[in-house]
Structure formats: C-alpha cells, structure tokens
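The next block holds one structure in the form of structure tokens; read it before the comments.
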Amino acid sequence: MTEQSSFRSLIHGFLESAERFSDRPALVVDGECLSYTSLREMACRIASAIQSLQRDQESFPLVAVWAHRSKTAYAGVLGSLGTGKGYVPLNPKFPLERTLQMLALSRCTVLIVGKECLSQLAGLLKAVDRPLTLILPEVASIQEMPSQHSLHQFVFAEHLPSLESFSFKENSTSASLAYLLFTSGSSGVPKGVPISQGNVRSYVDYISHRYNVNEHDRFSQQFDLTFDLSAHDMFVCWESGACLYCVPEKSVMAPAKFIRDHHLTMWFSVPSVAGLLSRMRLLSPGCFPTLRCSLFCGEPFPASYAQSWQAAAPNSIVENLYGPTEATIAIAHYRWDSQMSPQECLNGIVPIGQVFEGQQFRVTDAEGKCLPFENAGELCLAGSQVATGYWNNPKKTQQQFVHLPWSNNHLWYRTGDLVKQDAAGNLCYLGRMDHQVKIRGYRVELQEIEAVLRRACGTEQVVSVPWPVHNGAAEGVVAFISGVKAFDEHRVLARCGEFLPDYMVPKKIYLVDALPLNPNQKIDRVKLSNLLEGAA
Amino acid sequence: MKPVVEQELVQQVIGWVKENGLNGARHTDISESTNLLESGLLDSFAFVDLILFIENFTQKKLDLLDVNPEEFTVVKGLCTLALRNGH
C-alpha cells in the first residue's frame, strides 16, 4: 500500500466523524450549534471555491484564514485542508502591519475572510500589491468592493459553489503541510513554522488514545487559531466525533460560567487562566464537576494553580503539557497527583514530565553532547512530531535543526529550553537559554519588541524586560530606553501597537540616563528586573 | 459605617481605572457604560486588581461564578454586582 492511500489525513478524520455522527453537534460558536453535516457542508463549499479558483495555482500548498471565533474560522480551516492545502491562521486582533507581514511571508494568494474582519479589509487590500482571491463565506455581495479593489477577486456567500460540484481531496501525504504558524522572531520579523500532516497525525493519535476521547466529549476552544494549541482543540475533538465549544471573546478571561453552562468535559488552556480564575475566586471546590480532563500548556504551570484546579474539578485528571510549536502542540506530559506531585515540583513549578512514547529527547550541553542524568542542559527533541525547519529561513533552520554528533541521521530540534531530569525521570523546566519569554502563553522574543522600540524612539539603547512575573510566568513587558533627552511615551506605545500584538506592547517605558551593563559589558537585564522589583 | 452608594462606587472605579489603566487611560473618557476589557483600558491582570480594590472599598466579597462576563466587565454592571451580591 502506498503512503498516499494508507495515510489518514486530518480531513479524513473529520469526514469519518461526519459520516458516523452526522447529526451530532460538531461546533458551537457565536451562539449557534452546527452539526457535523452542517459544518461539513460549509467546509465543502469553501473547499470547492478554493479549488475552482485556484486551478492555475494548484501547487501552492497554503491558504490563509483571516477569521476569529466564527463559523468561517473553523469551516475555513477544514475547507483548506479539504483541498489538500495547509492553512495559515491570521488574527484580526493583531495589528494590520503584522497581518500584512504574515501574509507576505506565507505568499498565500487565497484568503478566507470572516465577517468579523470586514472593518479591516479595505486597509489590508490597499496595502497588498499582488492579486488576492478573497473568499467571504458569511458576507453577502458588497457591490463597491470589487470596483474599489480591482486588483483582487472576490467570492461572496451567494457565489460559493453548490455542494454537488465538489468532493474532498483526501490525497494528503504525511509530508503535506497542515498549517503554517508564525511565532515571534528575534530579528524583528515573525518566524514561520511549517507543520506537516504527519506531525499533527502523530500528535492526534497519541492524545486521542491517551485520553480515550469519544463522541460524548465537549471540548473547550479557548486559544486563538494563531496559537498552535488550537490545533489540539479542533483535530483531537473532530477525530472522535466530539463537539467543540468556542469560548466567546468576552468569556476568554473568565470562562468559569462558560465551562459550567456547557457542561464541558475537556479543558485546555494556558496556566494563566487557572491563575486568573483562582485570583478571582472562581475556582471554588467542586465547581467544575463535568470536567474529566484538564490540560495546561504554553508556560510554566505553578503547583498552586494545579492544586486549585484539581479541587475545582475533582472528577478530572489535571496534566501539564509541554511543547514548542516546532514539535507540534505538545510533546511531554505530567499528570498531577495531589499527594505525590507537590514533592516533585521544582521551584514551585509542575514538572513537564515524560516525553510522549515514540518521540525522542536528549539533554545536551552547548556542544550538543549528552549530559549525565540530573544535569541541567538544553532539551533537544526528535521524532515524528518534530518539524524539519523554518519557512523560507535556511539560516535559522541551520541554527535550530541540527544533526548531533552521536546521533545517526536524526534531525534534532534544539528547543533553547533549559531542563533537567529528576530522580523519578521527570523533566523539569528551568527557564530559557536566550531572551525568549512567554507572556500569557505566547512566545515572545524580546529582541522583536526592542527592534520596534528602536524605530519608534530613535535610539539604539533600548531593552525590554518581562514584568511583572508571578509564579514563574510573565504577565507583560516593560521597557527602558536611553540616549534621548525626552520622548512621548503615549506616541511610542501607540507606534508599538501598530506593529506588535497587545501582549508584546510594553506596559510602561522608563527613560534612564544609561542602561546598566554587567561585567561582560552586556545590558544587565537582571539589574533592571531588580530595579522593578524594588520599585514594586 | 455609611453604606456605599452605587454612584459613589462608579466614580471610585473610574478614578482607579484612570490611575492604573493601560493605553492612555488617564486621557480617556470613561463612563459607567465603558467596557473595561474590550476598550483595552484594563487587561485581565489589572481587572483582578480592580476587583480587589472594589472589595476593599465596599468591604464586601464579589461572587462572579455564575455571572456573565459582559455584565461584570462594564463599569456600571460591576458596581451593581459589587453592591448586590457582596456579603
């Protein structure tokens, strides 16, 4: 049997559920419930539109989806996959400049647009100088749009092809792209991480089996699609015929009522959400009796949050998942045990535990040599979940995806995460080896913030520091600048907001006479953090 | 101690947000119908700090477990809840 015929693509998993559970709910979004049949039909019409319009670009592997917590967002993802193409999620909450950057870097020419992005659409189209095909599945014809933007082609709701004219392509191979995500890049330009169908398939199979997911499960969908953890929600859910509950924007911060109202059984979020709920006293003991599986990922998981969540969800397992985008969603797990785990935490942080069965890891020194047990070093990953490089970025690929001297032919991803393995065999996260931080679970390169600040302030002397940090997790960033006599903080912050997502915009900028240096003549970030600590 | 009336609490909350809010809160018009999160004046962490401020001011605990977020993220809704639900 060829790989093509034996490989089970992501769309295949969805279609099989749509066949088996046609009338069961697949998606609850924006107050509407879509059955598997309804969602399949909408995805099918989008896929048909992509295919009919793209005959000349059949080989280009990606379609952009610019939509947010709407039917179009989810049907757009499935529609893209249904044509054998991967999807590039774009986020209307991001500044337009950043969306344009991602669109240009991905080189997509087909863009699926949600109605929630209409107010930004004219601005985007004015700034794009190559022809795009825009598919707007929930928008009726806007007469003036095609004449005002004659470079581009538009497919409005009433122009979507009928169902009879299309059948899904299920010929994706393991190497076909599933999605391309952009993470913060140290050079000031977002970094593309292409994840293959095979990468996601390995993850979905492992997780579905581990948590025994079934058609009666009700999944949370808390993450924006630009956050790779959203791929877990969608594909693990639809693989088993379960229902996905999109948490409305207004409930993202405090989803307790949403969990209770919809009797969710599967929860997945960054630990910060647990922290917030705890601080708002919304984690009262037993308040989430329907949850059977609570997963946290994206940043260090404080033991106190795990304890509070376990008490709130007494019928649920609580697990800490770990994984960089390059290793597809998550690649290690640790199950919280109220009796044993407090002793296994390091610095009050829950271990990241064991790497998934079938995937490989090593803890190495700076030269890539394996370190003895219980020594701290860089975590390197290999296996079927690990990507093979960055999108059109050979230099960065060469730096991070390496052949280690002792390893035959395996491509290892150097995570830049500092870990050590404890006596019980659990990996414990110690911190980053570079200037990358996590803010509310989002990966942030401080250098990217600093690149924008330099342009906005007109000085090279800028530095950003994660602040405040509670329980090992950063809540935001503040900046220090020097080399200018005065500056307009309000204007600089507004400028940052034009290029950076809100979680990367500094909360405050301090003007100092000189940036402190450490003995190696590097900017002393620790001293700056201590200054902030003292001021607080 | 004199009970806190809603309008007084509304003014206290607006004052707190102007002092501690983000994105130029000091220079922003804030009314009782302002949504503090959607407007970007507060992020989720600052919102928790605001709740603690309100509880300290009213000397009552806020219970938000079964309250819709669109109710408690608006200045007036939050103040009404603080005086109604608290104990």
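Suppose we filter A:S70, A:S6, A:S48, A:S35 for residues that are touching a Ser or Thr at 6+ places or on another chain (Cβ under 9 Å), surrounded by fewer than 22 Cβ atoms within 10 Å (Cβ to Cβ) and not aliphatic (A, V, I, L, M); which single one remains?
A:S35
Taking the range A:176-189 only, how many residues are of a type outside the set (A, V, I, L, M, F, W, C), part of a loop (DSSP other than H, G, I, E, B) and surrounded by fewer than 22 Cβ atoms within 10 Å (Cβ to Cβ)? Can you show your working first?
Within the range A:176-189, the subset of a type outside the set (A, V, I, L, M, F, W, C) is A:176, A:179, A:183-188.
From what is left, the residues that are part of a loop (DSSP other than H, G, I, E, B) are A:176, A:184-188.
Narrowing the set further to residues that are surrounded by fewer than 22 Cβ atoms within 10 Å (Cβ to Cβ) leaves A:176, A:185-188.
Result for the range A:176-189: 5.
Got a number for residues in the range A:397-439 being at positive phi and modelled with pLDDT of 90 or more?
Counting residues in the range A:397-439 that are at positive phi and modelled with pLDDT of 90 or more gives 2.
Go over the candidates A:T415, A:T328, A:T364 one by one and state the one that is within 17 Å of A:G198 (Cβ to Cβ), touching a residue at least 24 places away in the same chain (Cβ under 8 Å) and not assigned by TED's automatic domain parsing to the domain that holds A:Y442.
Values: A:T415 fails: within 17 Å of A:G198 (Cβ to Cβ); A:T364 fails: within 17 Å of A:G198 (Cβ to Cβ).
Being within 17 Å of A:G198 (Cβ to Cβ), touching a residue at least 24 places away in the same chain (Cβ under 8 Å) and not assigned by TED's automatic domain parsing to the domain that holds A:Y442 holds for just one of A:T415, A:T328, A:T364, which is A:T328.
Inside the range A:227-256, can you point out the residues that are of a type in the set (V, I, T) and within 14 Å of chain B (Cβ to nearest Cβ)?
Selection gives A:V247, A:V252.
Within the range A:127-175, work out how many residues are part of a loop (DSSP other than H, G, I, E, B) and either without any contact (Cβ under 8 Å) to a residue 12 or more places away in the chain or charged (D, E, K, R) (or both).
Step one: filter the range A:127-175 for residues part of a loop (DSSP other than H, G, I, E, B), giving A:128-132, A:137-143, A:149-152, A:160-162, A:166-175.
Then keep just the ones that are either without any contact (Cβ under 8 Å) to a residue 12 or more places away in the chain or charged (D, E, K, R) (or both); that gives A:129-130, A:138, A:143, A:150, A:167, A:169-170.
Residues in the range A:127-175 being part of a loop (DSSP other than H, G, I, E, B) and either without any contact (Cβ under 8 Å) to a residue 12 or more places away in the chain or charged (D, E, K, R) (or both): 8 in total.
Does A:Y322 satisfy the condition of being under 20 Å from the mean Cα position of the chain (by Cα) and under 24 Å from A:S187 (Cα atoms)? Outline the logic, then answer.
Working: under 20 Å from the mean Cα position of the chain (by Cα): yes; under 24 Å from A:S187 (Cα atoms): no.
So A:Y322 does not fit the description; no.
Residues to consider are B:K18, B:K60; find the one that is more than 9 Å from chain A (Cβ to nearest Cβ) and farther than 23 Å from A:P506 by Cα.
B:K60
Conditions (1) within 23 Å of A:D228 (Cα to Cα); (2) outside any helix (DSSP H, G or I); (3) in contact with an Asp or Glu (Cβ under 6 Å, 6 or more places away or on another chain); (4) not aromatic (F, W, Y), marked per residue:
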position	(1), (2), (3), (4)
A:N315	no, yes, no, yes
A:V318	yes, yes, no, yes
A:Q343	no, no, no, yes
A:G358	yes, yes, no, yes
A:F361	yes, yes, no, no
A:G368	no, yes, no, yes
A:F373	no, yes, no, no
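Within the range A:522-536, is there a residue that is within 30 Å of A:P351 (Cα to Cα), under 22 Å from the mean Cα position of the chain (by Cα) and either loosely packed, with under 14 Cβ neighbours inside 10 Å or touching a residue at least 12 places away in the same chain (Cβ under 8 Å) (or both)?
No, the range A:522-536 has no match at all.
Considering only residues that are more than 10 Å from chain B (Cβ to nearest Cβ) and assigned to a helix (DSSP H, G or I), which ones fall in the range A:257-308?
Passing the criteria: A:I259, A:P271, A:A274, A:A303, A:S304, A:Y305, A:A306, A:Q307, A:S308.
Filtering the range A:156-213 down to residues that are touching a Gly at 6+ places or on another chain (Cβ under 6 Å) and of a type in the set (G, A, S), which residue is nearest to A:S384 (Cα to Cα)?
Here the residue is A:S174.
Looking at (1) more than 30 Å from A:H216 (Cβ to Cβ); (2) touching a Ser or Thr at 6+ places or on another chain (Cβ under 9 Å); (3) not basic (K, R), which one does A:E97 not meet, given that it meets all the others?
Tallying (1) more than 30 Å from A:H216 (Cβ to Cβ); (2) touching a Ser or Thr at 6+ places or on another chain (Cβ under 9 Å); (3) not basic (K, R), A:E97 fails exactly one: (2).
Any chance the range A:443-455 includes a residue that's under 22 Å from the mean Cα position of the chain (by Cα) and within 14 Å of another protein chain (Cβ to nearest Cβ)?
No.
For A:I331, are the conditions met, namely being surrounded by 22 or more Cβ atoms within 10 Å (Cβ to Cβ), in contact with a strand residue (DSSP E or B) (Cβ under 8 Å, 6 or more places away or on another chain) and closer than 26 Å to A:F235 by Cα?
yes
Scan the range B:22-32 residue by residue and report those that are at the interface with another protein chain (Cβ under 8 Å from one of its Cβ atoms), at negative phi and surrounded by fewer than 17 Cβ atoms within 10 Å (Cβ to Cβ).
B:H27
Looking at the range A:171-221 only, could you name the residues that are at pLDDT 95 or above and closer than 23 Å to A:E445 by Cα?
Of everything in the range A:171-221, those that are at pLDDT 95 or above and closer than 23 Å to A:E445 by Cα turn out to be A:Y179, A:L180, A:L181, A:F182, A:G192, A:V193, A:P194, A:I195.
Just to verify a result, which residue in the range B:63-78, among those that are among the charged types (D, E, K, R) and within 7 Å of another protein chain (Cβ to nearest Cβ), is nearest to A:C287 (Cα to Cα)? Reasoning before the result, please.
Keep residues of the range B:63-78 that are among the charged types (D, E, K, R), which gives B:63, B:66, B:70-71, B:76.
Within this subset, residues satisfying the condition of being within 7 Å of another protein chain (Cβ to nearest Cβ) are B:66, B:70.
Values: B:D66: 10, B:E70: 21 Å.
The selected residue is B:D66.
Checking the structure you have, find out if any residue of the range A:206-217 is in contact with a Phe, Trp or Tyr (Cβ under 9 Å, 6 or more places away or on another chain), crowded, with 23+ Cβ neighbours inside 10 Å and not in a loop (DSSP other than H, G, I, E, B).
There is no residue in the range A:206-217 that is in contact with a Phe, Trp or Tyr (Cβ under 9 Å, 6 or more places away or on another chain), crowded, with 23+ Cβ neighbours inside 10 Å and not in a loop (DSSP other than H, G, I, E, B).
I'm checking my understanding of the structure. Among residues of the range B:56-76 that are of a type in the set (D, E, K, R) and part of a helix (DSSP H, G or I), which one is surrounded by the most Cβ atoms within 10 Å (Cβ to Cβ)? Give the derivation first.
The first filter runs over the range B:56-76 and keeps only residues of a type in the set (D, E, K, R), leaving B:60-61, B:63, B:66, B:70-71, B:76.
This time we only want the ones that are part of a helix (DSSP H, G or I), so: B:70-71, B:76.
On the way: B:E70: 14, B:E71: 14, B:K76: 17.
Looking at the filtered set, the residue picked out is B:K76.
Give the residue that is farthest from A:H232 (Cα to Cα), with candidates limited to residues of the range A:134-175 that are loosely packed, with under 13 Cβ neighbours inside 10 Å and of a type in the set (D, E).
Result: A:E144.
Filter the range B:33-55 down to the residues that are in contact with a Phe, Trp or Tyr (Cβ under 7 Å, 6 or more places away or on another chain), more than 8 Å from chain A (Cβ to nearest Cβ) and surrounded by 18 or more Cβ atoms within 10 Å (Cβ to Cβ), then identify the one that is modelled with the lowest pLDDT. Please lay out each step first, then the result.
So the first thing to find is which residues in the range B:33-55 are in contact with a Phe, Trp or Tyr (Cβ under 7 Å, 6 or more places away or on another chain), and the list is B:36-37, B:50, B:53.
Next, from what is left, pick out any that are more than 8 Å from chain A (Cβ to nearest Cβ): B:36, B:50, B:53.
Cutting the leftovers down to surrounded by 18 or more Cβ atoms within 10 Å (Cβ to Cβ) gives us B:36, B:50.
On the way: B:L36: 89, B:L50: 92.
Among those that are in contact with a Phe, Trp or Tyr (Cβ under 7 Å, 6 or more places away or on another chain), more than 8 Å from chain A (Cβ to nearest Cβ) and surrounded by 18 or more Cβ atoms within 10 Å (Cβ to Cβ), it is B:L36.
Scan the range B:5-14 and give yes if some residue there is within 14 Å of chain A (Cβ to nearest Cβ) and either in contact (Cβ under 8 Å) with a residue 60 or more places away in the chain or over 23 Å from A:E489 (Cα atoms) (or both), otherwise no. Talk me through it step by step, then tell me what you get.
Taking the range B:5-14 and keeping what is within 14 Å of chain A (Cβ to nearest Cβ), we get none.
Within the range B:5-14 (the criterion being within 14 Å of chain A (Cβ to nearest Cβ) and either in contact (Cβ under 8 Å) with a residue 60 or more places away in the chain or over 23 Å from A:E489 (Cα atoms) (or both)), the answer is no, since none of the residues qualifies.
Can you say whether A:V463 is modelled with pLDDT of 85 or more, outside the structural domain of A:F182 (by TED's automatic domain parsing) and surrounded by fewer than 20 Cβ atoms within 10 Å (Cβ to Cβ), as far as the supplied structure shows?
Judged against the criteria, A:V463 is not a match.
Taking the range A:265-289, which residues are more than 15 Å from A:V247 (Cβ to Cβ) and touching a residue at least 60 places away in the same chain (Cβ under 8 Å)?
A:P271, A:G275
The values are calculated or read from the model by the stated rules, or taken from the named source; none is laboratory data. The structure presented is a predicted model; accordingly, all values stated were derived computationally and were not measured. Every residue, glycine among them, receives a Cβ derived from its backbone with ideal geometry; neighbour counts consider all protein chains shown.
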